Structures are given as C-alpha cells and as structure tokens.
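S.K.: Right, I'll just put the structure down here and ask away after.
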Amino acid sequence: MSSQVSNNFRMLLAGGVPDFNLDVFKIILLGSGFVFNPDTNDLYTDVSPSELATLNGYTAGGATLSGISVLQDDVNDRASITWNNISWTATGGDIGPTIGAIIYDDTVVDDPIVGFIDFSAEYTEADGGIATITNITVTI
C-alpha cells in the first residue's frame, strides 16, 4: 500500500490546520475506478460520489480513526502521521470491491482530505469476513 497527500492538506498545514490533538479523522472506502488526484481531490464532497454505499457492514461517511501519532523522521527528512488499524465486518453480503481509502478531517469546515491509501488492486471482503486496514500512515 502506498499513500498520497492532497495538496490542499499541505496548504492547511502551512496555515496551522489541523489540530492533531483535537480533530476527528475519518476513513472511507472508495469503489472501483476511483483515481486519486492530489490537485483536485480537496474535500470529502470531491470523492464522496466514489465512496462505497452503506451496505453489508460498511457505513458511508466512514469510520472514526483513533490513536493518532505524528512522528518526525530525520533519517528520511519527513514526518509521518499514523493511526490505529481499522476494520469492518462484512455482514449480509460482501464489502467492496474497493480500490483504496481516503482519510479526511471531520472537524474542519468542508471536511478536507488528508490523503489517499492506494490498495494497488481491487479488494473485496466476503460476507462474514473482516476487512482491515493496517499501518495507516500518511507521509509528508
């Protein structure tokens, strides 16, 4: 899995937004055919038409992330934002197919996108299974 940061998020960081200690971050799953564009995918509303529908254990609008950590990496000259793993249990049918996930800040006005996690292939979780995203990280 690779991740990309939205250009809008970089601009918000320069202006002192978000507050990583207080803001609520959510993660959503995107359907087949979605292609992330860091130039134009600025807000949740820009990507919501590609989000999976509320169905079979997934709820549109996403799941709330927890356990945020911001780490400075002097070896690679960057910073990493990480969250705890997140899971959805497929009930009553499959979840997916999904091509990736978007993280957005649900506290800031207009729900700006933090970044995109690319699954590198379509993924479907079969009924009764647990879809889990591990090592949720966005690097800036």
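S.K.: I'd like to know if the stretch 106-118 contains one or more residues that are under 18 Å from residue 54 (Cβ atoms) and in contact with a Leu (Cβ under 8 Å, 6 or more places away or on another chain).
M.R.: Among the residues of the stretch 106-118, at least one is under 18 Å from residue 54 (Cβ atoms) and in contact with a Leu (Cβ under 8 Å, 6 or more places away or on another chain), which makes the answer yes.
S.K.: Just give me the residues in the stretch 21-42 being under 21 Å from residue 125 (Cα atoms) and touching a residue at least 12 places away in the same chain (Cβ under 8 Å), in sequence order.
M.R.: 26, 27, 28, 29, 30, 31, 32, 33, 34
S.K.: Do any strands (runs of 3 or more DSSP E) lying entirely in the stretch 43-140 carry at least 2 residues that are surrounded by 13 or more Cβ atoms within 10 Å (Cβ to Cβ), among the charged types (D, E, K, R) and touching a residue at least 60 places away in the same chain (Cβ under 8 Å), and which ones are they?
M.R.: Here the list reads 113-125.
S.K.: Right, next: Looking at the stretch 1-42 only, could you name the residues that are under 22 Å from residue 78 (Cα atoms), open to solvent by less than 40 Å² (accessible area, probe 1.4 Å) and under 14 Å from the mean Cα position of the chain (by Cα)?
M.R.: Within the stretch 1-42, 5, 6, 9, 25, 36, 38 meet the criteria.
S.K.: Take residue 71 and decide whether it is touching a Ser or Thr at 6+ places or on another chain (Cβ under 6 Å) and within 28 Å of residue 125 (Cα to Cα).
M.R.: For residue 71, the condition - touching a Ser or Thr at 6+ places or on another chain (Cβ under 6 Å) and within 28 Å of residue 125 (Cα to Cα) - is not met.
The values are calculated or read from the model by the stated rules, or taken from the named source; none is laboratory data. Given the structure is predicted, the values throughout are model-derived calculations rather than measurements. Here the Cβ is made from the backbone with ideal geometry for all residues, glycine too, and neighbour counts use every protein chain on show. Remember, those area values only see protein heavy atoms, side chains included, never the ligands or the DNA or RNA. Shrake-Rupley method; radii C 1.70, N 1.55, O 1.52, S 1.80 Å.
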